[in-house]
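Asker: Questions regarding the structure given below will be posed in turn.
The values are calculated or read from the model by the stated rules, or taken from the named source; none is laboratory data. These figures come from a predicted structure and were not determined experimentally. Glycine also receives a Cβ, built like all others from the backbone with ideal geometry; neighbour counts cover every protein chain displayed.
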Amino acid sequence: MEAIANGLILLVLSVGHAELWIVVINRTHALPIHDVRLKRLRHVLELLMVLFPIVLFLSVGLYTPGVLVGGDWNQLPFWWKPVLFVCALGFLGFLYSGFRHLLYKPPRQQTEHQSELIHIRQRLNQDLIGEGPYHYLAGLPFNQIFSVEFTEKKFELPRLPANWEGLRILHLSDLHFSGTLKREYFIELCRIAQETEPDLIIFAGDLIDEMKCLDWLDDTLSPMQAPLGCFFILGNHDWHQDSLQIRETLMKAGWIDLTTEPFLLEYEGHTLLLAGTEVPWMGAHPELKQPAIEEGSGAESDFLLLVSHTPDNFHWAVRQGYDLVLAGHTHGGQVRFPLIGPVFTPSLHGTRYASGTFARGSTVLHVSRGVSGIHPLRLFCRPEISLLTLHTTDSEDR
Ligand SMILES: [Fe+2]
């Protein structure tokens, strides 16, 4: 009985150890580090995660002090003590993340959430797996990569001008064209998204993983239209590619780059300021003062919307007074475990902003799970395209 209890303790310490390296992996993947170095680091840490439990069970469990075979913890060598203490802290962190996931509920600003599931493979009735990187993952059983959730969320925002009641924003993110999922998959997704007839469309970055797929824009994003415009920023995966060419091609297709300078959109007698940030990979955060108040015109913006590839810029946006922030990048974790939730999310906040709606002060953040990823694998974490409807706080029609 004691051996089983000690085995469980060793298991808990192994999980805590893995959690510590996952913390490192998530934070380093949030930084502007080149892909090759990140991959190397990740492989080393993953190897450590596998080796540590083996060493722990052999050394502490079977030899010195051999707690699985009648040994006493009091005989644990001195140098193991700080190591195991840190692993125990790691396990507490693991529990904290799990409870935070279980107890998550959207803030009061999100008043409604509906969703429709569309199985694209059945709908098109064709093989949608191409020859791109990691294509062998796409066909794994239970993979949800082709089951796209079209979500409709309603937000109640205090600074929204009354004339904008019901403004509809299509939030698209993380298409990751690589050839792994065929072009037809994305054509169909964009076609369905366009059918929602949004007032404006926003793409939050990570368009291209293989430059040969750049011409896929011709029948995916290029035909998309919205009365107030289509706006974009790029993401870290575009930064790894020829981002200049990706940017130019999108602009030629009629999409407006939000990172050159904030865009003032006059609508129904009020001004919507749309800004974008690709920090920490490209450029700098937008300067608000000059564009928000045009000299002489007195055209102060009534509502501030930021598009940021990573949700890590949320706290900066709160300090700047943005009303709404749209982000992607974290893909919801892509693989979520029952009870535990997401594990790998490239963010300085770990899994905290993996996906969903969050609020701080009067700023609301919506993090899309995105459509795809370089690894075409999704478990308990379907691809997502969102239609966000904005309401004023005194609206009765919600
Ligand atoms: Fe991404």
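Asker: Name the residue, out of Gly71, Gly93, Gly66, that is of a type outside the set (Ser, Thr, Tyr), at positive phi and not assigned by TED's automatic domain parsing to the domain that holds His366. Spell out the reasoning first.
Answerer: Values: Gly71 fails: at positive phi; Gly93 fails: at positive phi.
The unique qualifying residue is Gly66.
Asker: Of a type in the set (Asp, Glu), in contact with a strand residue (DSSP E or B) (Cβ under 8 Å, 6 or more places away or on another chain) and surrounded by fewer than 20 Cβ atoms within 10 Å (Cβ to Cβ): does that describe Glu165?
Answerer: Values: of a type in the set (Asp, Glu): yes; in contact with a strand residue (DSSP E or B) (Cβ under 8 Å, 6 or more places away or on another chain): yes; surrounded by fewer than 20 Cβ atoms within 10 Å (Cβ to Cβ): yes.
Yes; evaluated as a whole, the condition is true for this residue.
Asker: Just checking, which of Arg183, Arg168 is basic (Lys, Arg), over 30 Å from Ser301 (Cβ atoms) and over 17 Å from the mean Cα position of the chain (by Cα)? Spell out the reasoning first.
Answerer: Details: Arg168 fails: over 30 Å from Ser301 (Cβ atoms).
The unique qualifying residue is Arg183.
Asker: Just the residues that are in contact (Cβ under 8 Å) with a residue 24 or more places away in the chain and touching a Pro at 6+ places or on another chain (Cβ under 9 Å), please, taken from region 32-70.
Answerer: Pro32, Val60
Asker: For region 244-257, how many residues meet the condition of being assigned to a helix (DSSP H, G or I) and surrounded by fewer than 16 Cβ atoms within 10 Å (Cβ to Cβ)? First the steps, then the outcome.
Answerer: Restricting attention to region 244-257, the residues satisfying the condition of being assigned to a helix (DSSP H, G or I) are 244-252.
If we keep only those that are surrounded by fewer than 16 Cβ atoms within 10 Å (Cβ to Cβ) as well, we get 244-245, 248, 251-252.
Residues that pass the stated criteria total 5.
Asker: Next up: Return the residues of region 258-284 that are crowded, with 17+ Cβ neighbours inside 10 Å, more than 16 Å from the ligand (Cβ to nearest atom) and under 26 Å from Ile33 (Cβ atoms); say none if nothing qualifies.
Answerer: Once the filter is applied, which keeps residues that are crowded, with 17+ Cβ neighbours inside 10 Å, more than 16 Å from the ligand (Cβ to nearest atom) and under 26 Å from Ile33 (Cβ atoms), region 258-284 yields Leu258, Thr259, Ala275.
Asker: Inspect all residues belonging to region 111-132 and state whether any of them is among the basic types (Lys, Arg) and within 30 Å of Pro158 (Cβ to Cβ). Walk me through how you get there before you give the answer.
Answerer: Looking only at region 111-132, we keep the residues that are among the basic types (Lys, Arg), and these are 121, 123.
Narrowing further to those that are within 30 Å of Pro158 (Cβ to Cβ): none.
Taking every residue of region 111-132 in turn, none turns out to be among the basic types (Lys, Arg) and within 30 Å of Pro158 (Cβ to Cβ).
Asker: Hey, can you tell me all the residues within region 16-32 that are exposed (fewer than 15 other Cβ atoms within 10 Å of the Cβ) and of a type in the set (Val, Ile, Thr)?
Answerer: Val24
Asker: Still on this model: Please work out if Arg336 is more than 15 Å from the ligand (Cβ to nearest atom), without any contact (Cβ under 8 Å) to a residue 24 or more places away in the chain, surrounded by fewer than 24 Cβ atoms within 10 Å (Cβ to Cβ) and not aromatic (Phe, Trp, Tyr).
Answerer: Numbers: more than 15 Å from the ligand (Cβ to nearest atom): yes; without any contact (Cβ under 8 Å) to a residue 24 or more places away in the chain: no; surrounded by fewer than 24 Cβ atoms within 10 Å (Cβ to Cβ): yes; not aromatic (Phe, Trp, Tyr): yes.
No: the conditions fail for Arg336.
Asker: Sticking with this structure for a sec: Being out of contact with any Leu (no Cβ under 6 Å at 6 or more places or on another chain) and hydrophobic (A, V, I, L, M, F, W, C) is true for just one of Leu10, Leu45. Which residue is that? If you could, list the steps in order and put the result at the bottom.
Answerer: Values: Leu10 fails: out of contact with any Leu (no Cβ under 6 Å at 6 or more places or on another chain).
Being out of contact with any Leu (no Cβ under 6 Å at 6 or more places or on another chain) and hydrophobic (A, V, I, L, M, F, W, C) holds for just one of Leu10, Leu45, which is Leu45.
Asker: Can I ask one more? Val371 is checked against (1) under 29 Å from Lys39 (Cα atoms); (2) of a type in the set (A, V, I, L, M, F, W, C); (3) surrounded by fewer than 22 Cβ atoms within 10 Å (Cβ to Cβ) and fails just one. What number does that condition carry?
Answerer: Going through the list (1) under 29 Å from Lys39 (Cα atoms); (2) of a type in the set (A, V, I, L, M, F, W, C); (3) surrounded by fewer than 22 Cβ atoms within 10 Å (Cβ to Cβ), Val371 breaks only (3).
Asker: Six or more apart or on different chains, Cβ atoms under 9 Å: show the pairs whose first residue is in region 226-240 and charged (D, E, K, R) and whose second is not in a loop (DSSP other than H, G, I, E, B).
Answerer: Note: pairs meeting the criteria are Asp238/Ile208; Asp238/Ile246; Asp238/Arg247.
Asker: Let me confirm something: among Glu112, Glu156, Glu152, which residue is under 26 Å from Pro227 (Cα atoms), more than 16 Å from the ligand (Cβ to nearest atom), of a type outside the set (A, V, I, L, M, F, W, C) and under 18 Å from the mean Cα position of the chain (by Cα)?
Answerer: Values: Glu112 fails: under 18 Å from the mean Cα position of the chain (by Cα); Glu156 fails: under 18 Å from the mean Cα position of the chain (by Cα).
Answer to the check: Glu152.
Asker: Can you pull out the residues in region 186-206 that are more than 21 Å from Leu228 (Cβ to Cβ) and within 16 Å of the ligand (Cβ to nearest atom)? Quick ask: steps written out before the conclusion?
Answerer: First, the residues of region 186-206 that are more than 21 Å from Leu228 (Cβ to Cβ): 186-189, 206.
Phe186, Leu189, Asp206, listed by residue number.
Asker: Restrict the check to region 183-195 and report whether at least one residue is in a loop (DSSP other than H, G, I, E, B) and in contact with a strand residue (DSSP E or B) (Cβ under 7 Å, 6 or more places away or on another chain).
Answerer: First pass over region 183-195, keeping only residues in a loop (DSSP other than H, G, I, E, B): 195.
Now drop any that are not in contact with a strand residue (DSSP E or B) (Cβ under 7 Å, 6 or more places away or on another chain), which leaves none.
Within region 183-195, not a single residue is in a loop (DSSP other than H, G, I, E, B) and in contact with a strand residue (DSSP E or B) (Cβ under 7 Å, 6 or more places away or on another chain).
Asker: Which one of these does Leu244 not meet: (1) aliphatic (A, V, I, L, M); (2) more than 16 Å from the ligand (Cβ to nearest atom); (3) in contact (Cβ under 8 Å) with a residue 24 or more places away in the chain?
Answerer: It fails just one condition, (3).
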